[in-house]
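Here's the structure, in structure tokens; my notes come after.
The values are calculated or read from the model by the stated rules, or taken from the named source; none is laboratory data. Note that the structure is predicted; figures quoted are calculated from it, not measured. Note that we place each Cβ from the backbone using ideal geometry, even for glycine, and neighbour counts take in every protein chain shown.
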Amino acid sequence: MMDIHQILKQLPHRYPFLLVDRVLEIEKGVRIRALKNVTMNEPFFTGHFPHRPVMPGVLMLEALAQAAALLAFDTLGETPDDKTVYYFAGIDGARFKRPVEPGDQLILDVTLDRMKAGIFKFKSRAMVGEQLAVEAELMCTMRKIA
């Protein structure tokens, strides 16, 4: 379990781009379950879409990637510093199954598939209740910056 204060120590993201509110469970080197509360106050809802607010699919993938980063850092047993950036290396098989709307709780479920040569590969899915909202294979990597 990890609260927002612990998440802020691990991820460089801040409002409006921090998309993980709480870690519900984490199994080192295996999987993470995290939570994103979706509220009407999200800045993207003003334009996506004014008549029918829907969370953009790319932001659902970003929320999954942020959860994956938390799992990667926990797996490596390290807290990233200001010189470490965690990037997407690829997204495969992304499928959007259900719109995510204000009031929904997005449960982010990410499993580490493999870690090789600095590339992490994850199987991920986000659920709203018992319904699948999105699934994808994510590839991510960490880089040191100057």
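Looking at this structure, is PHE88 of a type in the set (Phe, Trp, Tyr), crowded, with 18+ Cβ neighbours inside 10 Å and either closer than 19 Å to LEU8 by Cβ or touching a helix residue (DSSP H, G or I) at 6+ places or on another chain (Cβ under 7 Å) (or both)?
On the way: of a type in the set (Phe, Trp, Tyr): yes; crowded, with 18+ Cβ neighbours inside 10 Å: no; either closer than 19 Å to LEU8 by Cβ or touching a helix residue (DSSP H, G or I) at 6+ places or on another chain (Cβ under 7 Å) (or both): yes.
Answer is no for this residue.
So, ALA34, is that one in contact (Cβ under 8 Å) with a residue 12 or more places away in the chain, within 12 Å of CYS140 (Cβ to Cβ) and out of contact with any His (no Cβ under 9 Å at 6 or more places or on another chain) or not?
Taking the combined requirement at face value, the residue does not satisfy it.
Which residue out of THR46, THR84, THR75 is more than 15 Å from the chain's Cα centre (by Cα) and touching a residue at least 60 places away in the same chain (Cβ under 8 Å)? Full working, then the answer.
Working: THR46 fails: touching a residue at least 60 places away in the same chain (Cβ under 8 Å); THR75 fails: touching a residue at least 60 places away in the same chain (Cβ under 8 Å).
One residue alone meets the criteria, THR84.
Might you let me know whether the stretch 103-124 holds any residue that is modelled with pLDDT of 95 or more and among the hydroxyl-bearing types (Ser, Thr, Tyr)?
Scanning the stretch 103-124, I find at least one residue that is modelled with pLDDT of 95 or more and among the hydroxyl-bearing types (Ser, Thr, Tyr), so the answer is yes.
Tell me which residues, restricted to the stretch 26-78, are in contact with a helix residue (DSSP H, G or I) (Cβ under 7 Å, 6 or more places away or on another chain), part of a helix (DSSP H, G or I) and surrounded by 15 or more Cβ atoms within 10 Å (Cβ to Cβ).
LEU59, LEU70, PHE73
Could you tell me whether any residue of the stretch 110-120 is surrounded by fewer than 19 Cβ atoms within 10 Å (Cβ to Cβ) and touching a Ser or Thr at 6+ places or on another chain (Cβ under 6 Å)?
Yes.
Could you list, ordered by first residue, the pairs with Cβ atoms under 9 Å in which the first is in the stretch 88-99 and farther than 18 Å from ALA133 by Cβ and the second is surrounded by 13 or more Cβ atoms within 10 Å (Cβ to Cβ) and polar (S, T, N, Q), at least 6 apart or interchain?
PHE88/THR141; ALA89/THR141
Quickly run through the stretch 124-144 and pick out the residues that are out of contact with any helix residue (DSSP H, G or I) (no Cβ under 9 Å at 6 or more places or on another chain), of a type in the set (S, T, N, Q) and either over 19 Å from VAL54 (Cα atoms) or buried (at least 20 other Cβ atoms within 10 Å of the Cβ) (or both).
THR141
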